[in-house]
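To start, the structure itself, in structure tokens.
Values in this text are rule-based calculations from the coordinates and carry no lab data. Being a predicted model, the structure only gives us computed values, none of them experimental. All Cβ positions, even for glycine, are placed from backbone atoms using ideal geometry, and neighbour counts span all protein chains on display.
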Amino acid sequence: MKKLLITYLALCVVLSACGNTPVETTEPVVTTTEKVVTVPFATTAPEETTTEEIETTEITTEVTVPSVVPEGEEYTIIRQNPKFGDNVVVEYDVLALGDTDIDGLIIAEAEIALSSCIPNISSVSIDGGSADYYSEAESVYVGDGIISAVFKGEYAVSYKGAASESRGIAFYTVNIDKESGKILHGKDIVSDFAKLSDAFAAGKFTAQGDEPYASDLSQYRTDYDIYPYLSFDEDNLYLYIFESGVNEFYTTYSISLEDASEFLVDNSEAVETTAITEETEG
């Protein structure tokens, strides 16, 4: 009987200990649940953070166009400072002609140039990187039928986890048909790229500067609408060639409008200027 009683009491102790087991493990389970709900899967905080990041990294494409371009001038230069979040500083010049539609197209060209230097710039800051981009109007030529501008600067971008930052020249040109307001791209200026290449090979283009670095025209594919940068002044067409696969230096070449007329689009200002000059001389 005494043995039976001892066995019974021992069994009660075991059962009592098992009954307390959930109580002992309750706190860790509850604590773990609270951590999961509060940090990774909370809906309120991440949504607010994401919305704020989008607002601070959204590009500002609007430009204040003056209602009147300064008297005696056909354009003015406006500095753009779009925001892409922390650690990203962007400044670049754009031309403003006083026409909202045309100025919008000019701004679009500036944004394309920015994106070609720093792809996905809107995500650089969000991903923990940094970037700087600066470009200014180096020259602006206003002819009878064309406005031709050259923009030049530099950029640097460092992506999170990258061993080093990427640097290069920020460069592009804008050519505007004054009558139509159209932005003239390579195919609107060059009628026959093969003839341009032949003229280049024949030495009709003159390199600006002491040492011509880049001279590879084969990297440009007119069938894919890939042309070198071009610009005009009163007497010349300028060709800008970057070293293939490198965006740190380029070479400027010039050719007289008379010599360039054989490969320029017939209705370009360059050809018209040449024709007028020949008529006068005759």
message: Strictly greater than 18 Å: what percent of every Cα pair in segment 116-222 meets that?
response: 68 percent
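Can you tell me the equivalent ellipsoid semi-axes for segment 61-184? Use √(5λ) from the Cα gyration tensor, largest first, whole Å. Present the calculation step by step, with values, prior to reporting the outcome.
Working: eigenvalues 184, 40, 25 Å².
Computed over segment 61-184, the values are 30, 14, 11 Å.
Assuming R0 = 30 Å, can you tell me the calculated FRET efficiency for the pair Asp266 and Tyr224, based on Cβ-Cβ distance, to the nearest 0.05?
On the way: r = 24 Å, r/R0 = 0.79.
The computed FRET efficiency comes out at 0.80.
Once the Cβ-Cβ distance between Glu91 and Asn120 is put in as r, and R0 is 22 Å, what FRET efficiency do you end up with, to the nearest 0.05? Provide the component values of the computation, followed by the final result.
Numbers: r = 19 Å, r/R0 = 0.87.
Using R0 = 22 Å, I get an efficiency of 0.70.
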